[in-house]
Amino acid sequence: MGATYTRQSTYADGDTITAAHTNDEFDQLLAAFQASTGHTHDGTANEGGPITKLLGNSLTFGAATAGTDITITFDGESNDGELKWMEDEDYFEFSDDILIASTEKLQFRDTAIHISSTTDGQLDLVADGAVVIDTAGDITLDADGGDIFFKDGGTTFGSATNSSGNLIIKSGTTTALTFSGANATVAGNLTVDGNFDVTGTLDFSDSAITNVGSIQLDSISGDADSNTSITFSGSDVITMATGGTTALTIDASQNVTVAGDLTVSGDDITMATNTAGNLLIADGTNFNSVAVGSLSEISTVANDDVFLAVDTSGGGLKKIQRSAIVAGLATSGAISNVVEDSSPQLGGNLDMNGQDIVTTSNANIELAANGTGHVVVKGNTNQGAITLNCENNSHGQKIIAASHSALSSNSGNPSTLTLPSTGDASQELVSTGATQTLTGKSLTAPILTGSSSAAGSILFKEDTDNGTNAVTLIGPASTADVTVTLPNSAGTIALTSDIPSSGISSGNVATFTSGVADDDFLRVAGTAIEGRSASEVRSDLSLVASATTDTTDASNIGSGTLAAARMAAAQTAITSLFATDIKIGEDDETKIDFETADEIHFYAANAEQVFVSDGVFGPQTDSDVDLGTTGARFKDAYVDSVTVTGDVAIGDDVTVTGRASGTVTTNTNGQMDLSVSNHFNYTPSGDDEIELDNFKAGQSGTIFLDNSGGHTISVDSPILINADQLTAIATAGKYMLSYFCTVDQPNATLSNSANNDKIIMSVSGALT
């Protein structure tokens, strides 16, 4: 076992073997296999024989030391081989050549992408997708045979060939393009879908140009006549020249200038629909279109004069005589010239356009409806209205019709407002907002409405002293209707002041019934007053009569105190109080309130603290009332179950006679929130990292790992775990992981180095 192992104990029959013996022996075994001080198995004395075979499906090389490369050396007689894992660079480095023997492949990602040699002397670069060559320098294709072939599925569709130093591009096996120095020859047709820029001379040898998309030219010149050209200037001007002289110009505003005569072989010159356009005639009588603002502008035009009109619908330029315009307006019923038409008629609505109808001579403006017709002022979105202004037109009064909803019951028949036919010139209409006096008027079913601060009222003025004094009848302040019926016979209504404040008279009480005795109590019985003796009053109040004489009955009852003599013989105090919405307490701030059926509410500091209902004793407000204090605790609590939403702090031992169970949370991504649960069922779907978040000092739990897929499992920096155990759980199987948290999570970000090695984790062997 090596020099580091010393046998600790020997045993004979009948000896007692203790745990210390076993522990000492196993400690020596652990020391022998310790990585830095244990045996090496290098073949030297006491170190064990050399290892010639490593068995296992998963082997680990290296000590997981940060920044340290791992080297595997192949010790030959004269030449050594070396395979090195570059830790920081994250790749393998080979110090010698690599030979792929025979037809074996160097594969990438999968078997469809590889570099191989299927035939001696041939290198195959194979991919089931694209092959991308990306280099910062040049790419050189050196084919000593002279040809570079392009194939699709093994079939050649083109090639690049060297022919005496010239580059020949073939399509299939046919030469398509030949490059000789700076010259290029196209064997077939050349099709250009985009722009074709030529800096030199493009000579088509009198051949036709067909199917041309876009050509950018500075000018076009005649082949046999240099004085004939079309020039396209940078100022957006097109110039056409013949005989070396400009014949036609089109400027950037689309104006066309013809240097010579313009001959139109057709019948029409079609103008645009823009009515502001002008037709200019170069004989000194230029025609400019003039917009006519009113008919008065054509009053001096003779009837046989002609107007030119532009048909904006596309009908062209039309000529119309003035007489035809006037006759057409009169025929259509439109207003033409009031001089020519003494009875004009409207063919449509008359839009005043903010103007007035005025007279120049102090004449009246009369609206005369024919026959049984009326002058109607129509409404639109508002009711029809007429405004009568003052003489300065600075103030006015409006006569306005009632709303549609108020007139809807008239069935289309307008209501009639008749002005007074009698009275002097100062006769006025009554306003709803004025304080005018009505004399000799009858009111049918009148309603006097009060304001928000005062009830409706009627004033009855006195007959003397100019009526300055009055008796006011005021409506009730109550929100309910009150009916007061006046007597149907003559007489005077008595006031409250007419009734004496003390004493009894026949004028202010009902008639006594017979049987009323001296010192009797009075009880209202319908419309009469009857007498009740003291014993009868006690009976009416369900009070027990006393065997002794008690002259304080009245005072006791009046003060709310009931003497013991007035209770049942077995009672010394009130044993029950039953009433709706009863309250018991020092004041309204501290009380017991029976305000709700089947519930009792307890108040303190003017706020409800707790309540009792059927099966519930609870606080009124969530998380507001403590059960006991730090200085005054409850002794024992006997409950069937406890449910809490916050933390539970226990200052002493906890004894559980039943099961103490917790929540098991299912997890598939390795990220486990310890504020949710202590125990997890973890099934990774691929290579994964275990990450524990929101941990607390002293928190512990378990993780059942079902790694049936044999995925590689790593842990986040806060977790401290044996590297061998981490390697072991990468083997397909099921494992139990236990963890213990040493501190509260110091930082919210787990990647922070301050979190390193804060959780201790151990792993069981594979579970069967």
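The values are calculated or read from the model by the stated rules, or taken from the named source; none is laboratory data. All of these numbers come straight from a predicted model, not from anything done at the bench. We place every Cβ from the backbone using ideal geometry, glycine too, and count neighbours over all the protein chains shown.
The sole residue among 675, 661, 685, 738 that is surrounded by fewer than 16 Cβ atoms within 10 Å (Cβ to Cβ) and part of a strand (DSSP E or B) is 738.
Based on what the data block shows, is residue 88 in contact (Cβ under 8 Å) with a residue 12 or more places away in the chain and not basic (Lys, Arg)? Against the criterion (in contact (Cβ under 8 Å) with a residue 12 or more places away in the chain and not basic (Lys, Arg)), residue 88 qualifies. Among the candidates 124, 120, the residue that is free of Cβ contacts under 8 Å to residues at least 24 places away in the same chain, of a type outside the set (Val, Ile, Thr) and either outside the structural domain of residue 100 (by TED's automatic domain parsing) or closer than 30 Å to residue 175 by Cα (or both) is uniquely 124. Note on region 60-84: residues that are touching a Ser or Thr at 6+ places or on another chain (Cβ under 8 Å), assigned to a strand (DSSP E or B) and within 20 Å of residue 730 (Cβ to Cβ) total 0. Within region 55-67, residues that are not assigned by TED's automatic domain parsing to the domain that holds residue 86 and of a type in the set (Gly, Ala, Ser) sit with their Cβ atoms under 7 Å from residues that are surrounded by fewer than 10 Cβ atoms within 10 Å (Cβ to Cβ) and modelled with pLDDT of 85 or more, at 6+ positions apart or across chains, in these pairs: 67/88. Screening the candidates 135, 119 for the property of being loosely packed, with under 10 Cβ neighbours inside 10 Å and closer than 25 Å to residue 167 by Cβ yields one hit, 135.
What are the residues in region 359-402 that are part of a strand (DSSP E or B) and small (Gly, Ala, Ser), if any? Within region 359-402, 385, 396 qualify. Can you say whether residue 646 is exposed (fewer than 15 other Cβ atoms within 10 Å of the Cβ) and either modelled with pLDDT under 90 or not assigned by TED's automatic domain parsing to the domain that holds residue 759 (or both), as far as the supplied structure shows? Yes, satisfied. Counting only strands (runs of 3 or more DSSP E) wholly contained in region 588-644, the ones carrying 1 or more residues that are under 43 Å from the mean Cα position of the chain (by Cα), of a type in the set (A, V, I, L, M) and within 30 Å of residue 577 (Cβ to Cβ) occupy 607-613, 616-619.
Does residue 220 satisfy being surrounded by 10 or more Cβ atoms within 10 Å (Cβ to Cβ) and either under 30 Å from residue 259 (Cβ atoms) or among the small types (Gly, Ala, Ser) (or both)? So residue 220 passes the test.
I'd like to know if region 461-475 contains one or more residues that are at pLDDT 70 or above, in contact with a helix residue (DSSP H, G or I) (Cβ under 6 Å, 6 or more places away or on another chain), more than 30 Å from residue 541 (Cβ to Cβ) and surrounded by 10 or more Cβ atoms within 10 Å (Cβ to Cβ). Within region 461-475, one or more residues are at pLDDT 70 or above, in contact with a helix residue (DSSP H, G or I) (Cβ under 6 Å, 6 or more places away or on another chain), more than 30 Å from residue 541 (Cβ to Cβ) and surrounded by 10 or more Cβ atoms within 10 Å (Cβ to Cβ). Residue pairs whose Cβ atoms lie under 7 Å apart, separated by 6 or more positions or on different chains, with the first residue in region 715-733 and under 16 Å from residue 684 (Cβ atoms) and the second charged (D, E, K, R), are 715/689; 716/689; 716/691. Would it be correct to say that residue 34 is out of contact with any strand residue (DSSP E or B) (no Cβ under 9 Å at 6 or more places or on another chain), outside any loop (DSSP other than H, G, I, E, B) and polar (S, T, N, Q)? Here the answer is no, as residue 34 does not meet what is asked. Of all residues in region 172-221, those satisfying the criterion of being over 30 Å from residue 152 (Cβ atoms), assigned to a strand (DSSP E or B) and not hydrophobic (A, V, I, L, M, F, W, C) are 183, 219, 221. Screening the candidates 137, 121, 129 for the property of being at positive phi and assigned to a loop (DSSP other than H, G, I, E, B) yields one hit, 121. From the list 384, 379, 371, 396, the lone residue that is of a type in the set (Gly, Ala, Ser), modelled with pLDDT of 80 or more and touching a Ser or Thr at 6+ places or on another chain (Cβ under 8 Å) is 396.
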